[in-house]
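Okay, so here's the structure we're looking at.
The values are calculated or read from the model by the stated rules, or taken from the named source; none is laboratory data. Just so it is clear, the structure is predicted and the values come from calculations on it, not from any experiment. Positions of Cβ are generated from backbone atoms using ideal geometry, with glycine treated the same way; all protein chains shown enter the neighbour counts.
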(Lines give C-alpha, C1' and ligand atoms only; values in the text may rest on other atoms or scores of the structure.)
Protein backbone atom coordinates (compact mmCIF):
# COMPACT_ATOMS: atom_id res chain seq x y z
CA UNK A 1 0.00 0.00 0.00
CA UNK A 2 1.33 3.49 -0.88
CA UNK A 3 1.80 5.99 1.91
CA UNK A 4 -1.17 8.35 2.43
CA UNK A 5 -0.85 11.72 0.72
CA UNK A 6 -0.18 14.44 3.28
CA UNK A 7 -2.61 17.35 3.06
CA UNK A 8 -2.67 20.81 4.61
CA UNK A 9 -5.88 22.82 4.92
CA UNK A 10 -5.21 26.34 3.66
CA UNK A 11 -7.64 28.85 5.12
CA UNK A 12 -10.78 28.37 7.17
CA UNK A 13 -12.58 31.39 5.76
CA UNK A 14 -15.12 29.33 3.85
CA UNK A 15 -17.88 27.35 5.55
CA UNK A 16 -16.83 24.20 3.67
CA UNK A 17 -13.27 24.26 5.04
CA UNK A 18 -14.17 21.75 7.71
CA UNK A 19 -15.83 19.46 5.17
CA UNK A 20 -12.63 19.17 3.15
CA UNK A 21 -10.52 18.76 6.26
CA UNK A 22 -12.80 15.90 7.31
CA UNK A 23 -12.50 14.43 3.80
CA UNK A 24 -8.70 14.50 4.10
CA UNK A 25 -8.95 12.66 7.42
CA UNK A 26 -11.51 10.12 6.25
CA UNK A 27 -10.19 9.20 2.80
CA UNK A 28 -7.96 6.12 3.10
CA UNK A 29 -5.31 7.62 0.82
CA UNK A 30 -4.94 11.04 2.50
CA UNK A 31 -3.82 12.35 5.86
CA UNK A 32 -4.49 15.84 7.21
CA UNK A 33 -1.28 17.14 8.75
CA UNK A 34 -1.52 20.92 9.15
CA UNK A 35 -3.63 24.08 8.97
CA UNK A 36 -2.74 27.59 7.82
CA UNK A 37 -4.98 30.64 7.99
CA UNK A 38 -4.28 34.36 7.65
CA UNK A 39 -6.49 34.76 10.72
CA UNK A 40 -4.30 33.12 13.35
CA UNK A 41 -7.04 32.76 15.94
CA UNK A 42 -9.33 31.05 13.45
CA UNK A 43 -6.52 28.88 12.15
CA UNK A 44 -5.38 27.76 15.59
CA UNK A 45 -8.95 26.89 16.55
CA UNK A 46 -9.32 24.78 13.41
CA UNK A 47 -5.99 23.03 13.98
CA UNK A 48 -7.03 22.20 17.53
CA UNK A 49 -10.41 20.88 16.33
CA UNK A 50 -8.75 18.53 13.83
CA UNK A 51 -5.82 17.61 16.04
CA UNK A 52 -3.10 18.83 13.69
CA UNK A 53 -0.35 21.45 13.66
CA UNK A 54 -1.06 25.12 12.99
CA UNK A 55 1.59 26.74 10.80
CA UNK A 56 1.63 30.54 10.80
CA UNK A 57 3.95 30.95 7.80
CA UNK A 58 2.36 29.79 4.53
CA UNK A 59 5.62 29.80 2.58
CA UNK A 60 7.32 27.69 5.23
CA UNK A 61 4.45 25.21 5.11
CA UNK A 62 4.47 24.99 1.31
CA UNK A 63 8.24 24.51 1.27
CA UNK A 64 8.01 21.29 3.30
CA UNK A 65 9.10 18.26 1.31
CA UNK A 66 6.88 16.14 3.53
CA UNK A 67 3.73 17.94 2.33
CA UNK A 68 2.06 16.56 -0.82
CA UNK A 69 -1.12 18.55 -1.26
CA UNK A 70 -3.40 21.34 -0.06
CA UNK A 71 -7.09 22.12 0.17
CA UNK A 72 -7.90 25.79 -0.48
CA UNK A 73 -10.73 27.42 1.45
CA UNK A 74 -9.42 30.96 1.86
CA UNK A 75 -11.48 34.00 0.96
CA UNK A 76 -12.13 34.10 -2.78
CA UNK A 77 -9.92 37.14 -3.34
CA UNK A 78 -6.90 35.12 -2.13
CA UNK A 79 -7.41 32.14 -4.45
CA UNK A 80 -5.15 33.34 -7.27
CA UNK A 81 -2.17 34.24 -5.06
CA UNK A 82 -2.38 31.20 -2.79
CA UNK A 83 -2.86 28.68 -5.58
CA UNK A 84 -0.01 30.07 -7.66
CA UNK A 85 2.23 29.75 -4.61
CA UNK A 86 1.02 26.20 -3.96
CA UNK A 87 1.58 25.17 -7.60
CA UNK A 88 5.05 26.73 -7.62
CA UNK A 89 5.85 24.65 -4.54
CA UNK A 90 4.70 21.48 -6.33
CA UNK A 91 1.64 20.86 -4.16
CA UNK A 92 -1.50 19.25 -5.55
CA UNK A 93 -4.56 21.50 -5.15
CA UNK A 94 -8.18 20.86 -4.23
CA UNK A 95 -10.07 24.14 -4.07
CA UNK A 96 -13.43 25.58 -3.19
CA UNK A 97 -15.28 27.27 -6.04
CA UNK A 98 -15.11 29.69 -7.71
CA UNK A 99 -11.63 28.96 -8.98
CA UNK A 100 -10.82 32.68 -9.16
CA UNK A 101 -12.61 36.05 -9.35
CA UNK A 102 -11.75 36.63 -13.03
CA UNK A 103 -11.36 34.46 -16.12
CA UNK A 104 -7.76 35.57 -16.58
CA UNK A 105 -6.87 34.59 -13.02
CA UNK A 106 -8.59 31.23 -13.41
CA UNK A 107 -6.63 30.55 -16.60
CA UNK A 108 -3.43 31.54 -14.75
CA UNK A 109 -4.12 28.96 -12.04
CA UNK A 110 -4.81 26.13 -14.48
CA UNK A 111 -1.70 27.02 -16.48
CA UNK A 112 0.43 27.10 -13.33
CA UNK A 113 -0.86 23.71 -12.18
CA UNK A 114 -0.22 22.23 -15.61
CA UNK A 115 3.30 23.63 -15.77
CA UNK A 116 4.08 22.33 -12.28
CA UNK A 117 2.60 18.90 -12.99
CA UNK A 118 0.24 19.04 -10.02
CA UNK A 119 -3.33 17.79 -9.89
CA UNK A 120 -5.91 20.58 -9.67
CA UNK A 121 -9.58 19.82 -8.96
CA UNK A 122 -12.35 22.30 -8.10
CA UNK A 123 -15.19 21.38 -5.76
CA UNK A 124 -18.25 21.26 -8.05
CA UNK A 125 -20.13 18.59 -6.11
CA UNK A 126 -23.46 18.59 -7.92
CA UNK A 127 -21.82 17.42 -11.14
CA UNK A 128 -21.35 14.05 -9.45
CA UNK A 129 -24.84 13.64 -7.97
CA UNK A 130 -27.30 11.01 -9.17
CA UNK A 131 -30.01 13.45 -10.30
CA UNK A 132 -27.44 15.21 -12.50
CA UNK A 133 -26.47 11.93 -14.12
CA UNK A 134 -30.13 11.04 -14.68
CA UNK A 135 -31.10 14.43 -16.12
CA UNK A 136 -28.03 14.48 -18.36
CA UNK A 137 -29.00 11.07 -19.73
CA UNK A 138 -32.54 12.33 -20.40
CA UNK A 139 -31.21 15.35 -22.31
CA UNK A 140 -28.86 13.17 -24.35
CA UNK A 141 -31.60 10.63 -25.11
CA UNK A 142 -33.61 13.24 -26.99
CA UNK A 143 -36.85 12.36 -25.22
CA UNK A 144 -37.39 16.03 -24.32
CA UNK A 145 -36.84 17.06 -27.92
CA UNK A 146 -34.77 20.22 -28.24
CA UNK A 147 -34.16 21.84 -24.88
CA UNK A 148 -35.73 25.30 -25.01
CA UNK A 149 -35.81 26.38 -21.36
CA UNK A 150 -34.28 25.46 -18.05
CA UNK A 151 -34.50 26.76 -14.51
CA UNK A 152 -32.23 25.72 -11.65
CA UNK A 153 -32.76 27.27 -8.21
CA UNK A 154 -30.70 26.76 -5.06
CA UNK A 155 -31.53 28.59 -1.86
CA UNK A 156 -31.02 28.44 1.89
CA UNK A 157 -31.76 30.58 4.94
CA UNK A 158 -28.16 31.40 5.91
CA UNK A 159 -28.62 35.11 6.39
CA UNK A 160 -32.11 35.00 7.88
CA UNK A 161 -31.34 32.15 10.29
CA UNK A 162 -27.95 33.63 11.16
CA UNK A 163 -25.65 30.68 10.41
CA UNK A 164 -23.91 32.07 7.31
CA UNK A 165 -20.96 34.21 8.47
CA UNK A 166 -21.13 37.94 7.78
CA UNK A 167 -17.73 37.72 6.06
CA UNK A 168 -19.58 36.19 3.10
CA UNK A 169 -21.01 39.68 2.67
CA UNK A 170 -17.62 41.36 2.45
CA UNK A 171 -17.39 42.41 -1.22
CA UNK A 172 -13.58 42.56 -1.17
CA UNK A 173 -13.09 39.09 0.29
CA UNK A 174 -16.10 37.25 -1.16
CA UNK A 175 -16.00 39.07 -4.53
CA UNK A 176 -19.78 38.72 -4.73
CA UNK A 177 -22.75 37.48 -2.79
CA UNK A 178 -25.33 34.73 -3.21
CA UNK A 179 -24.66 34.25 -6.92
CA UNK A 180 -20.87 34.10 -6.65
CA UNK A 181 -20.96 31.44 -3.95
CA UNK A 182 -24.23 29.51 -3.84
CA UNK A 183 -25.27 30.36 -7.39
CA UNK A 184 -22.22 28.59 -8.77
CA UNK A 185 -24.07 25.28 -8.57
CA UNK A 186 -27.12 26.33 -10.63
CA UNK A 187 -24.78 28.10 -13.07
CA UNK A 188 -22.61 25.11 -13.92
CA UNK A 189 -25.62 22.78 -14.03
CA UNK A 190 -27.39 25.13 -16.46
CA UNK A 191 -24.41 25.10 -18.80
CA UNK A 192 -24.16 21.33 -18.51
CA UNK A 193 -27.82 20.68 -19.36
CA UNK A 194 -27.77 23.01 -22.37
CA UNK A 195 -24.54 21.41 -23.63
CA UNK A 196 -23.28 24.83 -24.69
CA UNK A 197 -21.62 27.98 -23.48
CA UNK A 198 -24.07 30.82 -22.79
CA UNK A 199 -23.97 33.57 -25.38
CA UNK A 200 -24.88 36.23 -22.81
CA UNK A 201 -26.29 36.66 -19.32
CA UNK A 202 -28.70 39.18 -17.81
CA UNK A 203 -28.63 39.36 -14.02
CA UNK A 204 -30.79 41.03 -11.39
CA UNK A 205 -29.56 41.06 -7.79
CA UNK A 206 -31.31 42.15 -4.61
CA UNK A 207 -30.56 42.44 -0.92
CA UNK A 208 -33.30 42.07 1.67
CA UNK A 209 -30.97 41.57 4.65
CA UNK A 210 -28.95 44.76 4.24
CA UNK A 211 -25.62 43.18 3.37
CA UNK A 212 -23.44 45.06 0.87
CA UNK A 213 -23.67 42.13 -1.56
CA UNK A 214 -26.74 40.37 -2.95
CA UNK A 215 -28.67 37.77 -0.99
CA UNK A 216 -31.08 37.14 -3.90
CA UNK A 217 -30.00 36.63 -7.50
CA UNK A 218 -31.70 35.69 -10.75
CA UNK A 219 -29.73 35.26 -13.99
CA UNK A 220 -31.11 34.54 -17.45
CA UNK A 221 -28.65 33.04 -19.91
CA UNK A 222 -29.19 32.92 -23.67
CA UNK A 223 -27.91 29.91 -25.60
CA UNK A 224 -27.36 29.14 -29.27
CA UNK A 225 -30.63 28.36 -31.04
CA UNK A 226 -32.68 30.66 -28.83
CA UNK A 227 -32.86 28.52 -25.68
CA UNK A 228 -32.96 30.26 -22.31
CA UNK A 229 -31.56 29.07 -18.99
CA UNK A 230 -32.53 30.68 -15.69
CA UNK A 231 -30.38 30.09 -12.64
CA UNK A 232 -31.17 31.49 -9.22
CA UNK A 233 -29.64 31.67 -5.75
CA UNK A 234 -30.78 32.99 -2.41
CA UNK A 235 -29.36 32.97 1.11
CA UNK A 236 -32.48 34.61 2.50
CA UNK A 237 -35.11 31.95 1.85
CA UNK A 238 -36.52 29.36 4.26
CA UNK A 239 -36.60 26.47 4.10
CA UNK A 240 -33.86 25.58 1.67
CA UNK A 241 -34.77 24.76 -1.92
CA UNK A 242 -33.06 22.96 -4.77
CA UNK A 243 -35.12 22.50 -7.92
CA UNK A 244 -34.41 21.76 -11.57
CA UNK A 245 -36.82 22.27 -14.47
CA UNK A 246 -35.94 21.24 -18.04
CA UNK A 247 -38.44 21.92 -20.83
CA UNK A 248 -38.06 20.85 -24.44
CA UNK A 249 -40.04 20.79 -27.65
CA UNK A 250 -41.46 17.37 -26.74
CA UNK A 251 -41.22 16.76 -23.00
CA UNK A 252 -40.47 18.06 -19.52
CA UNK A 253 -38.25 16.81 -16.68
CA UNK A 254 -38.33 18.25 -13.17
CA UNK A 255 -36.47 17.45 -9.97
CA UNK A 256 -36.94 18.58 -6.37
CA UNK A 257 -40.52 19.81 -6.47
CA UNK A 258 -42.22 18.36 -3.40
CA UNK A 259 -39.34 16.06 -2.53
CA UNK A 260 -36.24 14.53 -4.06
CA UNK A 261 -38.11 13.05 -6.99
CA UNK A 262 -37.35 13.05 -10.72
CA UNK A 263 -40.54 13.42 -12.75
CA UNK A 264 -41.09 13.45 -16.53
CA UNK A 265 -44.01 14.02 -18.86
CA UNK A 266 -44.77 14.59 -22.53
CA UNK A 267 -43.53 13.00 -25.71
CA UNK A 268 -42.68 9.34 -25.29
CA UNK A 269 -43.47 9.64 -21.57
CA UNK A 270 -47.16 10.28 -22.25
CA UNK A 271 -49.51 12.86 -20.76
CA UNK A 272 -49.19 11.94 -17.09
CA UNK A 273 -46.22 12.46 -14.78
CA UNK A 274 -43.89 9.49 -14.37
CA UNK A 275 -41.31 9.12 -11.62
CA UNK A 276 -37.92 7.87 -12.84
CA UNK A 277 -35.24 6.24 -10.68
CA UNK A 278 -32.22 8.26 -9.62
CA UNK A 279 -28.88 6.44 -9.73
CA UNK A 280 -26.34 6.57 -6.94
CA UNK A 281 -23.99 9.52 -6.98
CA UNK A 282 -20.58 9.14 -8.53
CA UNK A 283 -17.51 9.39 -6.35
CA UNK A 284 -17.14 13.08 -5.54
CA UNK A 285 -14.64 15.74 -6.48
CA UNK A 286 -12.31 15.00 -3.55
CA UNK A 287 -12.12 11.34 -4.55
CA UNK A 288 -11.44 12.37 -8.14
CA UNK A 289 -8.63 14.62 -6.94
CA UNK A 290 -6.94 11.79 -5.05
CA UNK A 291 -7.30 9.52 -8.07
CA UNK A 292 -5.81 12.19 -10.35
CA UNK A 293 -2.83 12.50 -8.02
CA UNK A 294 -2.31 8.75 -7.88
CA UNK A 295 -2.61 8.27 -11.65
CA UNK A 296 -0.85 11.44 -12.75
CA UNK A 297 -3.81 12.50 -14.90
CA UNK A 298 -5.59 15.81 -15.42
CA UNK A 299 -9.21 16.48 -14.45
CA UNK A 300 -10.05 17.95 -17.86
CA UNK A 301 -13.83 17.79 -17.47
CA UNK A 302 -13.79 19.31 -14.00
CA UNK A 303 -11.48 22.13 -15.07
CA UNK A 304 -13.54 22.84 -18.19
CA UNK A 305 -16.56 23.37 -15.97
CA UNK A 306 -14.54 25.42 -13.47
CA UNK A 307 -13.14 27.78 -16.09
CA UNK A 308 -16.55 28.25 -17.68
CA UNK A 309 -18.09 28.86 -14.26
CA UNK A 310 -15.72 31.74 -13.58
CA UNK A 311 -16.61 33.28 -16.94
CA UNK A 312 -20.32 32.96 -16.22
CA UNK A 313 -20.11 34.34 -12.67
CA UNK A 314 -17.90 37.27 -13.74
CA UNK A 315 -20.30 38.11 -16.58
CA UNK A 316 -23.31 37.82 -14.25
CA UNK A 317 -21.75 40.18 -11.71
CA UNK A 318 -20.94 42.64 -14.50
CA UNK A 319 -24.49 42.43 -15.79
CA UNK A 320 -26.01 43.06 -12.36
CA UNK A 321 -23.73 46.06 -11.88
CA UNK A 322 -24.45 47.57 -15.29
CA UNK A 323 -28.10 46.65 -15.71
CA UNK A 324 -27.37 45.29 -19.18
CA UNK A 325 -26.80 41.91 -20.78
CA UNK A 326 -23.14 40.88 -20.86
CA UNK A 327 -21.67 38.43 -23.39
CA UNK A 328 -20.00 35.23 -22.25
CA UNK A 329 -17.21 33.83 -24.38
CA UNK A 330 -15.84 30.31 -24.25
CA UNK A 331 -16.12 26.88 -25.77
CA UNK A 332 -18.90 24.32 -25.89
CA UNK A 333 -19.07 21.52 -23.35
CA UNK A 334 -20.17 18.07 -24.49
CA UNK A 335 -20.17 15.94 -21.34
CA UNK A 336 -20.21 15.99 -17.55
CA UNK A 337 -16.58 14.78 -17.77
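Assorted remarks:
- Residue in the range 310-329 that is farther than 17 Å from residue 132 by Cβ, part of a loop (DSSP other than H, G, I, E, B), at pLDDT below 95 and out of contact with any strand residue (DSSP E or B) (no Cβ under 6 Å at 6 or more places or on another chain) present: yes
- Residue satisfying all of: in the range 259-270; surrounded by 15 or more Cβ atoms within 10 Å (Cβ to Cβ) and touching a strand residue (DSSP E or B) at 6+ places or on another chain (Cβ under 6 Å); farthest from residue 185 (Cα to Cα) among these: 266
- Answer from 135, 164, 182 - the residue that is assigned to a loop (DSSP other than H, G, I, E, B), modelled with pLDDT of 95 or more, farther than 15 Å from residue 231 by Cα and within 19 Å of the chain's Cα centre (by Cα): 164
- Qualifying residues in the range 1-20 (those that are crowded, with 16+ Cβ neighbours inside 10 Å and more than 22 Å from residue 166 (Cα to Cα)) - the one farthest from the chain's Cα centre (by Cα): 4
- Entry remark, the range 75-99: residues being assigned to a loop (DSSP other than H, G, I, E, B), surrounded by fewer than 24 Cβ atoms within 10 Å (Cβ to Cβ) and over 19 Å from the mean Cα position of the chain (by Cα) number 2 in total.
- Subset of the range 208-250 [over 19 Å from residue 161 (Cβ atoms) and assigned to a loop (DSSP other than H, G, I, E, B)]: 212, 223, 227, 249, 250
- Of all residues making up the range 164-197, the number that are touching a strand residue (DSSP E or B) at 6+ places or on another chain (Cβ under 9 Å) and at positive phi: 1
- Just one of (1) under 25 Å from residue 241 (Cβ atoms); (2) part of a helix (DSSP H, G or I); (3) in the same structural domain as residue 43 (by TED's automatic domain parsing) fails for residue 108. It is (1).
- Residue selection: residue 273 satisfies the criterion of being farther than 22 Å from residue 190 by Cβ, assigned by TED's automatic domain parsing to the domain that holds residue 200 and touching a strand residue (DSSP E or B) at 6+ places or on another chain (Cβ under 6 Å).
- When 251, 225, 256 are screened for being surrounded by fewer than 19 Cβ atoms within 10 Å (Cβ to Cβ), farther than 30 Å from residue 169 by Cα and assigned by TED's automatic domain parsing to the domain that holds residue 137, only 225 passes.
- Selection count where residues are surrounded by fewer than 22 Cβ atoms within 10 Å (Cβ to Cβ) and under 25 Å from residue 142 (Cβ atoms), scope the range 194-219: 4
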